[in-house]
Amino acid sequence: MHGTLPPKPPGIWRQGWYRFRRNRGGMLGLILVALVVLVALTCFVAAPYDPNDQSAMLRGASRQGPSALHWLGTDRMGYDVLSRVLYGAPTALAVGLGAMAIASVIGVIIGGIAGYVGGLVDECLMRFAEFFMVIPVFIVILAVVRLFGIMVVGTWMERVPHLNLMTIIALLGLFGWPPVARMARAEFLRLKHAEFVEAAICIGTTRRDILARHILPNALPSLIVLVALGIGGAILAETMVSFLGFGDPKAISWGQLLYFNYESLKVAPWGSVAPGVAIFVTVLGFNLLADGLTDAFNPRLRQ
Amino acid sequence: MPKRRTLMQAAAAAAVTAAAGPARAAPPFFKLYLMIPNNQPARMIWGTLAAQQMSRIGIDVVSSFVPFTVIAPRRSRGEGKPHPDGGWDCYLERYYYNAIKPTPNTLFHSRLMPPGGENYYYVNDPQIDASLDAISNTRDDAERGAAYKAFQKRWTEVEPLTILFYPQDVIAVNPKLKGFDATTFNPVFFPQPEKWTIEGAGRNATAAFASWAPPASLIPMYTTGYNESNIFGPVYNRLYEYESWENKKLIPSLATGHTVSNDGRTWVISLRQGVKWHSGEEFTAADVKFTWDTILNAAYGSQLRAGLLAVLGGTENYKVSSKYEVTVTLPAYNMLFLDWALGALAMMPEHAYKDLRPESLRGHTASTWLGTYAVKTSDGKSFTARGGVGTGPWIPQGYDPARKAYKYARNPNYWKPHTGNVTTFYIVNIQGTDSVLSALKAGEIDAHDPMYDIGPQVSTIDPAWGKVQAFDSFKWQHICYNLKHPVFGTGVDTPLGRQDPARAAEAAAYIRRAISHAMPREQIVKEIAGGYGEPGVVPMPWSAPEYDHDALKPIAYDLGLSRQYMEKAGYEF
């Protein structure tokens, strides 16, 4: 007997994409993020000047307004603002993606174990996560960056390029995992009782396969939303650290541009406005993207 | 026409270059750690520029933005170790002498190395020492003038530090504030609100002055910096003081005069009678002895100790000869005795401070202005102090942490009349140039200290809310080096120094000169200091009569010359 099988229903990702495409805010966020990524990938050829070129100062042309030579003008330090802003994009993305990659790995492992195993393990791990949530991360970063900067002097670690920046990324990641863990725990807790997981258990699927092939992929949409939000947060955090003068002197960061130029706001506003706009666009992009992903993967939430 | 193979090779080379980046630059000659204090964005800018210029002559510069609290302990340890071993290599600094008469002898003599002295850089040059001794000890003006010239000449030969520029002090004040012209900006001349008049504010005006960073201690012997002197200055007096910034004339203050023996060694100082401490106790010669004893007592850890010891020789060389007279027998005549020991050291009250233990002094209310303490006077009365106890025109009213404000009340028993209408005075800690100008515009302050470097912002100040005044600052900005560093200090680790150890110091001097010629001083003044300053050469105030304008010429910005000096030190480009 021949029958026609019903068409395979679209998967969770495809359904999410259909919904995401209809979300204008989400699409705008995606475009902005894509723009930042494009800038980060092409800045090395697109920037008109070397980002460390201070020759404008040597020829008496710092704090000059936009011109054909310097499209966004030069800043207080004699840098070409456009080049510095373009070169700031990879730093921002490295901070955002790096910090959230670390936070995601730690968060998913701890949250996943807590949600799947439950009981005392769940209690202990969640209290551990809460402990991390009440630590004043910003002050810890400032203190550790300072201490670390002293401790590595004369060691092999000093040769690591952008060590200060990497320390900031690592700390943002190490202190940014609790929200991911809480979300992962909730998802794992919900999914471990789902019918398809019970079915998998019945047919003898190993625990590792259940976790890796059934629960984790279904928990990812919710986690991605958090991660997208976290990227924007991490970029802002690094900006603040740099703005306070504790950033990596050798890294090109939008926060550092703001720090060095905010006192010239009235004299050479382009030096502050340009990095400010770059931060705004990037963080807005990730936040809109996260909002769009929320609507796409959790449509009932919006309803 | 090039062959196809040649073209293919060129294309391949271009592709490799594009993928792997241009060929690596030659390895740097040596590594240098540059600490840039993070409390002044302008200095951070020229610090970054200086680091980049050094890297252009083959130096691997590891720069860091750090608070001065990181630099101070590293340089004070007195061991001369390089940065990786807990000491330091190089940092940026603004410096000034504590007296109008330039006193390089308090800073660069080999006798004054830390931890007791302020020669943090370990300048150790016999010719410089000889000229500094002559500056200190001669009573002949012509001889001293020649010694100043010799010091400056030798300095330009070895350039122990790189003097970047002489900044002007640019201050914006409330246009209604009169009498600020009498205030000068070396900390010796702290703000003098007793001379201020706020027009239209009646007879009981309130004035406020902004100071950048919080002080470390408000006991005068612990510091000579702005952050502290701004605040403790209005409370205390010195034995002599400068009449005004315009005439820069030293006149008696708590002293009424002095006699000096022909050999310049024996001084009899007469003290003003009837002067009262804020507690009501009378100021006497015992207070002068107490002040010097305390500074010279190593247990108190005063950074003025080495300097005062060099001048006075020891506690046995001065005595109270009567209630209002002190007799001093110096080991040798020293110009610093009048210009610095009498003219710059604030007198401290014996009755109020004698029982404060050395280990607790920095944390005491007299130092922090937090809380109160009782001061017993000889007539059995008790005075409640809210800060330091001095003889000065202003009585501390404590520190308000919430407002970051130090409050003062006019001293009604001051031995000199107040000439202005200010009766309540505040010093507030405001950080940031923009913030201080906003505070001035909002009427929250009436003046500020010169640390804000408002020069580049002058064009944004509306005369309706800010009157801009510029003064010769008697300061300089420099890059200072640890002269015990094996490369740019002693030179033993330079190619020339290794090849011929007898020429090691010469090699180190070449490196310092190379760095010096790599600094675009004129552009730093023009672009970062807003044009308020002069390119630097020697650590002498630009407008001091002792500055040898005839002999000293600006140091050329010339990277070619820099590289030549590096080559003389044995480095090959």
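Nothing in this text is a laboratory measurement; each read-out follows from the coordinates by a stated rule. Given the structure is predicted, the values throughout are model-derived calculations rather than measurements. Neighbour counts are summed over all protein chains in view; Cβ atoms, including those assigned to glycine, are modelled from backbone coordinates with ideal geometry.
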Among the GluC sites (Glu not before Pro) in the range B:467-573, which ones are in a DSSP loop with at most 13 other Cβ atoms within 10 Å of the Cβ? Mind listing them? B:E572
Evaluate the Debye formula for the range B:480-573 with equal point scatterers sitting on the alpha carbons, no solvent, and hand back log10 of I(q)/I(0) at q = 0.16, 0.17, 0.18 Å⁻¹, in q order, two decimals. -0.76, -0.82, -0.88
If B:F383, A:F175 are placed from fewest to most neighbouring beta carbons inside 10 Å, the sequence is B:F383, A:F175
Please list, in chain and number order, the residues 5+ apart from B:S321 or on another chain whose amide H is under 5 Å from its amide H, with Hs placed from the backbone. B:V326, B:T327
Quick calc: nm separation of the 7 Å Cα→Cβ label points for B:E444 and B:K178 -> 2.9 nm
One would report the antiparallel percent of DSSP beta bridges in chain B, rounded to the nearest 5, as 75 percent
Mind checking the angle between helix A:137-151 and chain A's longest principal axis? C-alpha axes, 0 to 90 degrees, to the nearest 10. 60 degrees
Provide the convex hull volume over Cα atoms per residue for chain B, in Å³. 183 Å³
Nearest 10 degrees, 0 to 90: helix B:41-55 Cα axis against chain B principal axis: 30 degrees
Lys and Arg at +1, Asp and Glu at -1: neighbours of A:R21 with Cβ under 14 Å from its Cβ sum to +3
Test of understanding: given chain A, find the longest segment containing no trypsin sites (Lys or Arg not before Pro) that are in a DSSP loop and have at most 15 other Cβ atoms within 10 Å. A:60-265
For Cα pairs less than 8 Å apart in space and 6+ apart in sequence, what is the mean separation divided by the residue count of chain A, i.e. the relative contact order in percent? 29 percent
Whole-number value, in Å³ per residue, for the convex hull of the alpha carbons of the range B:237-356 is 111 Å³
Given a Förster distance of 22 Å, the FRET efficiency implied by the Cβ-Cβ spacing of B:E79 and A:R146, rounded to the nearest 0.05, works out to 0.50
Enter the Cα centre distance for the pair the range B:247-261 and the range B:376-451, rounded to the nearest angstrom. 27 Å
So, over other residues within a Cβ distance under 9 Å of B:Y481, counting Lys, Arg +1 and Asp, Glu -1, the net charge is 0
So what's the angle, to the nearest 10 degrees on a 0 to 90 scale, between helix B:559-568 and the longest Cα principal axis of chain B? 80 degrees
Please report the relative contact order for the range B:237-356, taking Cα pairs under 8 Å with a sequence separation of at least 6, and give it as a percent rounded to a whole number. 31 percent
Nearest 0.05, what FRET efficiency do B:E572 and A:L41 give at R0 = 41 Å with Cβ-Cβ as r? 0.60
Report the net charge of residues surrounding A:P217, where surrounding means a beta-carbon distance below 15 angstrom and charges are Lys +1, Arg +1, Asp -1, Glu -1. +3
Could you list log10 I(q)/I(0) for chain A at q = 0.10 Å⁻¹, which the Debye formula gives when each Cα is one point scatterer? -0.67
Gained length - B:E199 relative to B:K381, 0.36 nm times residue gap less alpha-carbon distance: 61.6 nm
How much length would be gained if the chain were fully extended between A:H193 and A:R213, taking 0.36 nm per residue of separation minus their Cα-Cα distance, in nm to one decimal? 5.7 nm
Only residues of the range B:545-559 count here: report those whose backbone N is under 13 Å from the spot 7 Å along Cα→Cβ of B:D141, or say none. B:545-546
Within chain B, helix-based [θ] at 222 nm, where runs of 4 or more DSSP H residues each add -39,500 (n - 2.57), nearest 500: -7500 deg cm²/dmol
In this structure, among B:K404/B:K475; B:K81/B:K153; B:K195/B:K249; B:K319/B:K381; B:K526/B:K553; B:K248/B:K276, pairs with alpha-carbon gaps over 22 Å are B:K404/B:K475; B:K81/B:K153; B:K319/B:K381; B:K248/B:K276
Kirkwood Rh over alpha-carbon pairs of the range A:80-150 plugged into Stokes-Einstein at 25 °C, 0.890 mPa s gives a D in µm²/s of 163 µm²/s
Return the FRET efficiency for the residue pair A:F132, A:R14: r is the Cβ-Cβ distance, R0 is 30 Å, and the value is rounded to the nearest 0.05. 0.25
Residues of A:49-59, mean number of Cβ from any other protein chain within 10 Å of their own Cβ, rounded to a whole number? 3
Using label points projected 7 Å from each Cα along Cα→Cβ, tell me how many nm separate B:A409 and B:E246, to one decimal. 3.4 nm
Ranking request for peptides B:315-323, B:455-463: highest mean number of other beta-carbon atoms within 10 Å first, then the rest in descending order. B:455-463, B:315-323
